[in-house]
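Novice: The structure follows.
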Amino acid sequence: MQLLHLRGRKTNERVLRHGTLWRGKTMNIRWMRGIPASEYKRLGDRASQGLYIGTFASLALSKRAVDRNRMRRRCREALRITMQDCSLANKDHRSGRPELVEEREGNQGFPFCESFQLLVSPRSSSLSCDFRAILNDVRSFFILLHACPKHPANGAPFSNSR
């Protein structure tokens, strides 16, 4: 599974308006199933499966752009590390060494077989907390995603009547 960029103002606004909100201790995530409509229109069935991730940090979190950018980077890095751990655990599982999968903490339910759009908004606590707390938040969010029932469209974007 790849980590891809969620690009475009309209795409981000659609996830912000219609996505499901998950609240963690260090971040809030709005998420939707499927490939972004702009990618699907542009590439059709060749659009990449993966996690499309966008981040934003409002001025209310911190007046300093340096701090807001650091919060965003820490959240993105936690997502990247967790996905990397997931792909390693999946490879170990396929190679017939399930004991390695069970040793890793928080890897239940990986990898995903469908695409998701994530819009990550860090909380002010993500600036000063231990990085392991951010990793734990991401793992608990991924467990929630895995527990959701599969969508029949098989990764295609939702058709929206609006």
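Novice: Could you rank the peptides 117-123, 49-55, 130-136 by their average count of other C-beta atoms within 10 Å per residue, with the highest value first?
Specialist: 117-123, 49-55, 130-136
Novice: Still on this model: Counting Lys +1, Arg +1, Asp -1, Glu -1, what net charge surrounds residue 5 among other residues with beta carbon under 11 Å of its beta carbon?
Specialist: Neighbourhood net charge equals +1.
Novice: Here is a follow-up. Convert each backbone phi in the stretch 48-55 into a coupling constant with the Karplus relation 6.51 cos²θ - 1.76 cosθ + 1.60 (shift: θ = phi - 60°), then list the ³J(HN,Hα) values in order as whole Hz, x for Gly and Pro.
Specialist: Couplings: 5, 7, x, 9, 8, 10, x, 10 Hz.
Novice: Also, quick follow-up: Grab the alpha carbons of the stretch 1-84, take their convex hull, and tell me the volume per residue in Å³.
Specialist: With only Cα atoms used, the stretch 1-84 gives 107 Å³ per residue.
Any read-out appearing in this document is the output of simple, stated calculations on the displayed coordinates, not a laboratory observation. Treat the numbers as computed from the prediction; the structure is a model and nothing was measured. All Cβ positions, glycine included, derive from the backbone under ideal geometry; neighbour counts span all protein chains shown.
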